Amino acid sequence: MSDIPTARLGRDYVPGDVLFREGDSGDVMYVIQAGTVRIDKNVGGNDKTLAILGSGEFFGELALLNGKPRTATATVMDPTRCLVIDSRTLEEMVAKNAEIALRLIKKLAKRLDSADSLIEVLLHKDPKARVLLALSRHAEGYGEETVDGGFRVRTTTAQLAHEVAVDERVASEMMARVRRLGIAHEEADSIIVTDLVRLRDFLEFLETVRPGEGSTPPARESRG
């Protein structure tokens, strides 16, 4: 967003800082200048990651616009600097720059799409597919592109399992399979999706496997 007095509105945060919690009242929104923020929502007693946002992204605007409580929790993942904007400042910005209003509308539409996508994943009956659907959703929605064309997803196998209500052993088995296929692998606190197209292909394969049939995709998995 342009025309923002960055020196006056900028604030620094450290990993683990909670900028707001689901259910809190909201009187400010945030624009990330540097760093990463995770957005989680409680669904059925479990926290589900809706998005991982980086530099240039903004969030928290919904509570500012409609005056209702926060619909999700925002947690800082890396050393982060944000612009903190109150309702009066936002109104002034929108009045002066129609492009800002358009960006807000587009962002709200994208958030709705993300929520619909999460619901679709959670409704899937196959726990193995849920793990990979969630990984694909993360990579496509807010994965950080790597130098070799892959995507870094700021999550772990255990977090994925928790997010989609799957036993951690099942999630670990699926991650082992995609690692053997050369599709994805885990690194510290991230999962690297090295081939998003093949991840989608593997998901399609899982969808077509019938009960009682073998679950090894053709040829490529055996290559290790």
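The values are calculated or read from the model by the stated rules, or taken from the named source; none is laboratory data. The structure displayed is predicted, hence computed values, not measured ones. Virtual Cβ from ideal backbone geometry, glycine too; neighbours counted across all protein chains shown. For accessibility, only protein heavy atoms count, side chains too; no ligands or nucleic acids. Shrake-Rupley method; radii C 1.70, N 1.55, O 1.52, S 1.80 Å.
Each residue in the range 21-38 was checked for being open to solvent by less than 50 Å² (accessible area, probe 1.4 Å), closer than 17 Å to Gly54 by Cα and part of a strand (DSSP E or B), and 6 of them qualify.
Take the range 157-194 and flag every residue that is part of a loop (DSSP other than H, G, I, E, B) and closer than 16 Å to Asp126 by Cβ. Listed by number, the residues that qualify are Val164, Ala165, Val166, Asp167. Quick check on the range 162-180. Is at least one of its residues of a type in the set (S, T, N, Q), within 23 Å of Arg38 (Cα to Cα) and at pLDDT 90 or above? So far as the range 162-180 goes, yes, one or more of its residues are of a type in the set (S, T, N, Q), within 23 Å of Arg38 (Cα to Cα) and at pLDDT 90 or above. Scanning the range 157-175 for residues that are open to solvent by 20 Å² or more (accessible area, probe 1.4 Å) and free of Cβ contacts under 8 Å to residues at least 60 places away in the same chain gives Ala158, Asp167, Glu168, Arg169, Val170, Ser172, Glu173.
Close contacts from the range 131-148, counting a first residue that is farther than 23 Å from Val170 by Cα and in contact (Cβ under 8 Å) with a residue 12 or more places away in the chain and a second that is open to solvent by 10 Å² or more (accessible area, probe 1.4 Å) and assigned to a helix (DSSP H, G or I), with Cβ to Cβ under 7 Å and a gap of 6+ residues or different chains, come to Gly141/Ser114. Which of the residues spanning the range 62-93 are in a loop (DSSP other than H, G, I, E, B), among the aliphatic types (A, V, I, L, M) and surrounded by fewer than 20 Cβ atoms within 10 Å (Cβ to Cβ)? Within the range 62-93, just Met77 meets the criteria. Of the residues making up the range 135-156, those that are in contact with a strand residue (DSSP E or B) (Cβ under 7 Å, 6 or more places away or on another chain), open to solvent by 10 Å² or more (accessible area, probe 1.4 Å) and assigned to a helix (DSSP H, G or I) are Gly141, Tyr142.
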